[in-house]
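Peer 1: Structure provided below as structure tokens; questions to follow.
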Amino acid sequence: MKRRNWTKAQRARLYEAHAGVCHICGEPIDLDTDRMEVEHVVPLALGGADEWSNVRPAHASCHAAKTRADVTHIAKAKRVNLKHTGQFRPPRRIVPGSRTSRFKKCLNGTVLIRQKGAPNARA
């Protein structure tokens, strides 16, 4: 969904509708010294709507902090969605010589190729 641009009149109405209070920190927003931003309560990337019911006024600094926290949640939601649809494969970073690698190094220095289905003997 495309994010819309909020006009000055819409920003003023939003500010008045919420009594000029930042919805993240609860402090009043002074328009002379603070920068007010329109903040989505539920981010658009997580299925939030770009409607009046989902937007609140926020300080620019509070909004930036919330956005930094939302980025991790958005990335996780994308990974879960890709995994659910079968498109995500975790990266394979195999440590050489570990149990998941193809090779096995013996204590005498020889290197063996592991057989598929062979039991891993723990001594």
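Conditions (1) modelled with pLDDT of 95 or more; (2) among the aromatic types (Phe, Trp, Tyr); (3) part of a loop (DSSP other than H, G, I, E, B), marked per residue:
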residue	(1), (2), (3)
ARG4	no, no, yes
ALA12	no, no, no
TYR15	no, yes, no
CYS25	no, no, yes
ASP32	no, no, yes
ALA45	no, no, no
SER61	no, no, no
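Peer 1: When only residues in segment 13-52 that are under 19 Å from the mean Cα position of the chain (by Cα) and β-branched (Val, Ile, Thr) count, which is surrounded by the most Cβ atoms within 10 Å (Cβ to Cβ)?
Peer 2: Among residues in segment 13-52 that are under 19 Å from the mean Cα position of the chain (by Cα) and β-branched (Val, Ile, Thr), the one surrounded by the most Cβ atoms within 10 Å (Cβ to Cβ) is ILE24.
Peer 1: Considering every residue within segment 104-114, establish whether at least one is in contact (Cβ under 8 Å) with a residue 12 or more places away in the chain and either surrounded by 10 or more Cβ atoms within 10 Å (Cβ to Cβ) or assigned to a helix (DSSP H, G or I) (or both). Step through it out loud before you land on a result.
Peer 2: Our first condition is that a residue be in contact (Cβ under 8 Å) with a residue 12 or more places away in the chain; within segment 104-114, this holds for 114.
After this cut, where a residue has to be either surrounded by 10 or more Cβ atoms within 10 Å (Cβ to Cβ) or assigned to a helix (DSSP H, G or I) (or both) as well, the list is 114.
Within segment 104-114, one or more residues are in contact (Cβ under 8 Å) with a residue 12 or more places away in the chain and either surrounded by 10 or more Cβ atoms within 10 Å (Cβ to Cβ) or assigned to a helix (DSSP H, G or I) (or both).
Peer 1: To continue, here is another question. List the residue pairs whose Cβ atoms are under 9 Å apart, where the first residue sits in segment 54-76 and is on the phi > 0 side of the Ramachandran plot and of a type in the set (Phe, Trp, Tyr), the second is outside any helix (DSSP H, G or I) and modelled with pLDDT of 95 or more, and the two are 6 or more positions apart or on different chains.
Peer 2: From residues that are on the phi > 0 side of the Ramachandran plot and of a type in the set (Phe, Trp, Tyr), there are no pairs.
Peer 1: If the requirement is being over 28 Å from the mean Cα position of the chain (by Cα) and of a type in the set (D, E, K, R), which of these qualifies: ARG99, ARG89, ARG68, ARG93? Steps first, please.
Peer 2: On the way: ARG89 fails: over 28 Å from the mean Cα position of the chain (by Cα); ARG68 fails: over 28 Å from the mean Cα position of the chain (by Cα); ARG93 fails: over 28 Å from the mean Cα position of the chain (by Cα).
Only one candidate qualifies: ARG99.
Peer 1: Pairs under 6 Å by beta carbon, first residue of a type in the set (Gly, Ala, Ser) in segment 40-52, partner part of a loop (DSSP other than H, G, I, E, B), six or more apart or different chains?
Peer 2: Close Cβ pairs (under 6 Å, with a partner that is part of a loop (DSSP other than H, G, I, E, B)) amount to GLY48/VAL42.
The values are calculated or read from the model by the stated rules, or taken from the named source; none is laboratory data. Keep in mind that this is a model prediction, so the values were computed, not measured. Please note: Cβ atoms are built from the backbone with ideal geometry, for glycine as well, and neighbour counts cover all protein chains shown.
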